[in-house]
Amino acid sequence: MELTDGLTSRPLRLDDAGAVTSVMAAQEMHDVGQVVIEEADIVGDWQRPSFDVSASTVGVFDGDELVAYAEYSGGDRGDAAVAPAYRGRGLGTQLARWMQERARTAGADVVGMPVPQGSAGDRLLEALGYRERWTSWILTLPEGVDIEPQPVAAGYVVREADPAEYEQVWQVVEDAFLEWSERERETFEDFSARVTQRPGFAAWCLRVVVDPDDVVIGCACVHLDRETGYVDRLAVRRDQRGRGFARALLVDAFGVARSHGATVSELSTDSRTGALGLYERVGMTVTGTWVNRAADLSDD
């Protein structure tokens, strides 16, 4: 990277995750007025067995301070952030080009990243020729709002997952998400790095619906960040949909998050899933809108 003003760059290490989180948090607060990222998100992604941190990241430093970063996460996905005070120096453009080159070297023909709609990052990527792929929404269940309990059919139970069921959970999630997500199937080891080995994970965080034969047919994972319970990887097996299991899992996830100190609950969905209406009908409201923009590398 061609840097000026005494800035330097180097590959990052796992112990840089905290600094990356700080840069991303500063950017999010500046652009949307709230912080979405957690350090556990970075650590979970970077500790995947399939991810080589040093080969897949770059950090820009002013002295010892990280001021910008980018990563190529694999497949068609990357991410980047520039501290607000360091905007206007061309760093975003250089990081975008770096990400494209890493993705191209890995054999990808497209690479993209999420950015808050209308933000500086959104405008920059649009100017660089990135097309909009899909829209994502962050939804919040406000403090004090309750969802009417959803009973499940006789013989079905919503409960904490047993560790012996974690591989079943992975299968349910991957089968459901790959119906609309164009990517390779995530390995159980990578799934575990992001979920059950994620910093802060406890057994109560992983919720399941089991059928009368004790087979997992639906699941959700709860991440607790201070007073916010974030519901992740909500999925129901295809042949069991339309029976209220997704709503039952939401009610359970919100309740268990509150029992562990959460006052509000959040989740995200995107335009590929068709699930926005479900969440709005249970009382959640959209509090953030993001777009995923991508560059077609084969056209370069």
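The values are calculated or read from the model by the stated rules, or taken from the named source; none is laboratory data. Please read all numbers here as calculations on a predicted model, not as lab measurements. So basically every Cβ, Gly included, is an ideal-geometry build from the backbone, and we count neighbours across all protein chains shown. Note: areas computed on protein heavy atoms with side chains; ligands, DNA, RNA excluded. Shrake-Rupley method; radii C 1.70, N 1.55, O 1.52, S 1.80 Å.
Please specify each residue of region 230-246 satisfying the condition of being in a helix (DSSP H, G or I) and surrounded by fewer than 20 Cβ atoms within 10 Å (Cβ to Cβ). Passing the criteria: Arg238, Asp239, Gln240. Selection of region 39-71 for residues being of a type in the set (Ser, Thr, Tyr) and over 20 Å from Phe191 (Cβ atoms) yields Ser54, Thr57, Tyr69. Restricting region 264-283 to residues that are open to solvent by less than 40 Å² (accessible area, probe 1.4 Å) and among the hydroxyl-bearing types (Ser, Thr, Tyr), the residue that is farthest from Val110 (Cα to Cα) is Ser265. Do we have Asp79 as touching a Ser or Thr at 6+ places or on another chain (Cβ under 7 Å), buried (at least 21 other Cβ atoms within 10 Å of the Cβ) and not β-branched (Val, Ile, Thr) here? Judged against the criteria, Asp79 is a match.
Just one of (1) farther than 30 Å from Ala103 by Cβ; (2) open to solvent by less than 30 Å² (accessible area, probe 1.4 Å) fails for Val286. It is (2).
For the residues Tyr72, Tyr86, the requirement of being over 24 Å from Arg183 (Cα atoms), in contact with a strand residue (DSSP E or B) (Cβ under 8 Å, 6 or more places away or on another chain), of a type in the set (Ser, Thr, Tyr) and at pLDDT 95 or above singles out Tyr86.
Among the residues of region 189-203, those that are surrounded by 14 or more Cβ atoms within 10 Å (Cβ to Cβ) and within 13 Å of Glu165 (Cα to Cα) comprise Ser192, Thr196. Of all residues in region 2-33, those satisfying the criterion of being of a type in the set (S, T, N, Q), in contact (Cβ under 8 Å) with a residue 24 or more places away in the chain and surrounded by 13 or more Cβ atoms within 10 Å (Cβ to Cβ) are Ser9, Ser22, Gln27. For region 159-171, the set of residues classified as assigned to a helix (DSSP H, G or I) and open to solvent by 10 Å² or more (accessible area, probe 1.4 Å) consists of Pro163, Ala164, Glu165, Tyr166, Glu167, Gln168, Trp170, Gln171, listed by residue number.
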